[in-house]
Structure formats: structure tokens, C-alpha cells
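Sharing a structure with you now.
The values are calculated or read from the model by the stated rules, or taken from the named source; none is laboratory data. Here the structure is a predicted model, which means the values were calculated and not measured. Reconstructed Cβ throughout: ideal geometry from the backbone, glycine too, with neighbour counts over all protein chains shown. Just so you know, the surface numbers come from the protein's heavy atoms only, side chains and all, with ligands and any DNA or RNA stripped out. Shrake-Rupley method; radii C 1.70, N 1.55, O 1.52, S 1.80 Å.
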Amino acid sequence: MATSSSAAVGTGMSDNMIWDMDVTITSEGRIRAKFRAGYVERDNIGNSKYSISRIDSGLAIEFFEKEKNTGFLQSRRGTINDLSEVFTAIDSVVFRSTKGYTLYTDTLVWNRKLAQLSTDCDVMMIKDNRDTLYGEGFITDDKFDSYEIKRPRGETLIEEKDPVN
């Protein structure tokens, strides 16, 4: 449950300050994501119903597809633009997919309208605690069916099998 307070006009403070924000994002009646943040400052965009939010004390987004968890993203900070539906995770970003992938980067953007996650930052991705890929960018759909790492390089563990006699 979030608590909120409105700031005084002309004080240089944010329009709203929210502690312990907890939001469920749905599409056609189905849960798409659960969003949690510790401390959020929201500023309205002009006279519209939209706002830009700054998260300064922890961001967590849990992703869902057909009511099943598909991934979990966390970072120290972030931003949300309600108008463009872009969520940006910043600083010590870790994304874990239920398919066994863990991605580490400095910034990761979830564009809800395009249904994709991406970054142009350096990334390190580990698969099943064995194989490690490095790159200079990453993109995937928000169902995590496939991904692309730009300029990939990496290490993999190849297990040798005993030769058959």
C-alpha cells in the first residue's frame, strides 16, 4: 500500500511523494507486471493526467505472461514516464528470467508499448550459472522468448565425456 502527499505549489518540490509504492499493471484483465518502489517523487506533465516519476530507494518489477511469472528486475533507482509507458531501471540492474538467464547492467529500459526490454550499456548474462556472455547492448521481448546481445563475447563450459570403447 502506498502513501502519498501533495507538495505545495511553487516550492520546488515534487507534485507527489510516495513511500512504499506497490502497483499492478494489467492488460485486458491479465496481470502483466507488479511494480514496487521504496520512495517515489512524481511530477505531472503539464496539465495532463500523466506524470514522470523518479525512484530513489529501490525498484522491483515482476513480469507475468498468462498469469505465470516470467522474470524479475531490480535496481537501486529508476524512472517512469506514464505518457510514453517507459520504465527505466538505473544503477546495479539485475534481471532474472525464469528460463535460467541472469542479466547484469547499469541501465535497462522496459518499453511497455513496444513490449520489449533493452539497453545500450555493457551487459553480462549468465545462463544456468554456467555460461557467461558479455556484450555492448541487449534487447528482448517482454515474454523473454528470444534475446539479442550486441557485440557478444563469452565463455562456456564444455563437459568432456568419456570415450566409448
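When the stretch 34-90 is examined, which residues are found to be touching a residue at least 24 places away in the same chain (Cβ under 8 Å) and among the polar types (S, T, N, Q)?
Residues satisfying the conditions are Asn44, Ser48, Ser51, Ser53, Asn69, Thr70, Ser75, Thr79, Asn81, Ser84.
Check off (1) touching a residue at least 40 places away in the same chain (Cβ under 8 Å); (2) in a strand (DSSP E or B) for Lys99 and give me the number that stays unchecked.
Lys99 satisfies all of (1) touching a residue at least 40 places away in the same chain (Cβ under 8 Å); (2) in a strand (DSSP E or B) except (2).
Give me the residue from the stretch 80-116 that is closer than 20 Å to Asp43 by Cβ and of a type in the set (A, V, I, L, M) and, out of that set, most open to solvent (accessible area, probe 1.4 Å).
Among those that are closer than 20 Å to Asp43 by Cβ and of a type in the set (A, V, I, L, M), it is Leu83.
Restricted to the stretch 17-59, and to residues that are in contact with an Asp or Glu (Cβ under 7 Å, 6 or more places away or on another chain) and hydrophobic (A, V, I, L, M, F, W, C), which residue is farthest from Ile90 (Cα to Cα)?
So the residue we want is Ile31.
Okay, moving on. Given the options Arg77, Arg151, name the one that is of a type in the set (Lys, Arg) and buried (at least 16 other Cβ atoms within 10 Å of the Cβ). Before the answer, list the steps.
Values: Arg151 fails: buried (at least 16 other Cβ atoms within 10 Å of the Cβ).
Only one candidate passes the filter, namely Arg77.
Only residues that are part of a strand (DSSP E or B) and among the hydroxyl-bearing types (Ser, Thr, Tyr): list them for the stretch 56-77, please.
Residues satisfying the conditions are Thr70, Ser75.
If the Cβ limit is 8 Å and pairs must be 6+ apart or interchain, which residue in the stretch 110-132 that is closer than 15 Å to Ile25 by Cα pairs with which residue that is among the basic types (Lys, Arg)?
Every condition considered, the pairs that remain are Arg112/Arg32; Ala115/Lys143.
For the stretch 114-149, how many residues are charged (D, E, K, R) and modelled with pLDDT of 90 or more? Full working, then the answer.
Filtering the stretch 114-149 down to residues charged (D, E, K, R) leaves 120, 122, 127-128, 130-131, 136, 141-143, 145, 148.
This time we only want the ones that are modelled with pLDDT of 90 or more, so: 120, 122, 136, 148.
Qualifying residue count, the stretch 114-149: 4.
Could you tell me how many of the residues in the stretch 37-86 are aromatic (Phe, Trp, Tyr), closer than 22 Å to Met13 by Cα and either modelled with pLDDT of 90 or more or touching a strand residue (DSSP E or B) at 6+ places or on another chain (Cβ under 6 Å) (or both)?
Selection size over the stretch 37-86: 1.
Hey, could you check the stretch 24-39 for residues that are part of a strand (DSSP E or B) and surrounded by fewer than 14 Cβ atoms within 10 Å (Cβ to Cβ) and say which is nearest to the chain's Cα centre (by Cα)?
By that ranking, first place goes to Thr24.
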